[in-house]
Amino acid sequence: MLHAVIMAGGSGTRFWPKSRRDRPKQLLRLVGEATMLRQTVDRVAGLAAADQTWVVTGADQAAATRRELPELPEDHIVAEPCPRDTAACVGLAAALVAAREPDATLLMLPADHVVRPSDTFRQTIRAATQLVAEDPTTFVTLGVRPTRPETGYGYIEQGESLGERLGFRVYQVRQFCEKPDRGTAEQFLAHGRFVWNSGVFVWNAQAILDAIGRFRPRLAEGLDRIRAELGTPSQADALARVYPTLERVPIDKAVMEHYPNVKVIDVTYEWSDVGDWRTLAEYLGHDAAGNAAEGPTRIVDSRGCVVIADEGRLIATLGVDDLVVVQSGGATLVARKDRLDQLKSLVEGLREAGYEGYL
């Protein structure tokens with residue numbers, strides 16, 4: 001049976017000041033009327049019932065996540081005591097599911113991506129689950145055809161073609177590639193065999209736990225200590241005690257770069273990770289001068305700006321270019337678009353500057 005596990009961590013930095021520590025990106029209504037998390041849960045509803053759907057989130061966001069998803073069993077909203085990156089998240093989710101259903105297939109996916117149309121996404125996952133059902137040692141990931149030399153994404157190099165499954169092309173993975181520099185990204189685009197790593201994986205629950213044990217034994221040892229107390233009254237204590245000691249490493253680096261049996265499916269749906277205010281602007285629409293705006297705004301003699309205002313708070317610009325101006329919750333961000341990569345460090349410095357209440 002398929003279990004969907006939605007990874008919903010996040011520190012609320014990339015969309016500050018609208019996002020905060022207890023209201024990160026996935027809990028915002030950025031694209032469409034529903035939150036990113038709600039859209040993701042609705043997307044997988046045709047694949048996994050509520051009692052086969054899990055959300056792994058941070059302790060700061062657990063209460064808000066439960067309010068957002070009342071249909072999920074309470075114990076399926078799993079709160080990480082602290083962020084430990086995706087390998088620990090994957091291992092914890094696989095342990096929870098395997099304790100109930102050892103032969104389960106897991107769909108692991110981020111909570112905050114734009115995917116359209118949902119029907120095509122679901123059919124792609126059905127193709128992936130077929131591959132795993134035929135060979136439970138197979139790990140399947142989804143690759144997005146690049147449209148530009150993007151330096152902010154990881155890449156997957158496709159190897160041998162394995163034909164089609166449900167109309168989708170399948171390839172053996174040759175290698176996973178870290179986020180490249182501009183020149184390398186341009187080479188990847190020209191080669192035609194490199195795809196963006198969408199961060200979506202399908203695998204057998206026990207197989208991924210075995211792989212973590214093989215390639216990351218120290219992480220597996222900690223997960224085993226937690227597994228020993230799952231389903232007991234001491235489960236929460238075990239998480240609080242052991243989870244902060246787990247190795248902090250992404251699943252790609254921990255396992256996928258080393259695992260010999262990985263397949264990648266070419267996706268045909270629209271995909272975006274909506275990584276920052278610049279990416280969001282693509283979904284807001286632009287005026288003739290390339291400005292994207294939301295809320296009460298007045299933009300005069302300005303070009304290429306992103307301007308986001310809370311209701312009841314007007315933002316006006318005059319004679320400026322390529323700025324991001326966002327007002328929300330009593331805080332205002334004014335930044336050059338080409339400096340948004342440094343927004344995380346700005347937000348992290350607010351505590352030291354005495355502005356912890358704006359985190």
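Observations
- Residue 168 surrounded by 21 or more Cβ atoms within 10 Å (Cβ to Cβ), touching a strand residue (DSSP E or B) at 6+ places or on another chain (Cβ under 8 Å) and either of a type in the set (Phe, Trp, Tyr) or not assigned by TED's automatic domain parsing to the domain that holds residue 52 (or both): no
- Checklist (1) touching a strand residue (DSSP E or B) at 6+ places or on another chain (Cβ under 9 Å); (2) closer than 30 Å to residue 228 by Cβ applied to residue 245, failing item: (1)
- Candidate set from region 121-151 (those that are in contact (Cβ under 8 Å) with a residue 40 or more places away in the chain and aliphatic (A, V, I, L, M)); member that is nearest to residue 40 (Cα to Cα): 125
- Qualifying residue in region 315-327 (condition: modelled with pLDDT of 95 or more and either in the same structural domain as residue 110 (by TED's automatic domain parsing) or under 28 Å from residue 199 (Cβ atoms) (or both)): yes
- Residue match in region 275-290 (condition: in contact with a Phe, Trp or Tyr (Cβ under 6 Å, 6 or more places away or on another chain), in contact (Cβ under 8 Å) with a residue 40 or more places away in the chain and not hydrophobic (A, V, I, L, M, F, W, C)): no
- Condition met for residue 10 (under 16 Å from the mean Cα position of the chain (by Cα), surrounded by fewer than 23 Cβ atoms within 10 Å (Cβ to Cβ) and either more than 28 Å from residue 100 (Cα to Cα) or not aliphatic (A, V, I, L, M) (or both)): no
- Only a single criterion out of (1) in a helix (DSSP H, G or I); (2) not assigned by TED's automatic domain parsing to the domain that holds residue 167 is not satisfied by residue 289, namely (1).
- Conditions (1) in a helix (DSSP H, G or I); (2) among the small types (Gly, Ala, Ser); (3) within 20 Å of residue 220 (Cα to Cα); number of the one not met by residue 133: (3)
The values are calculated or read from the model by the stated rules, or taken from the named source; none is laboratory data. What you see is a predicted model, and the numbers here were worked out from it, not measured in a lab. Don't worry about glycine lacking a Cβ; one is built from the backbone with ideal geometry, like all the others, and counts go over all protein chains shown.
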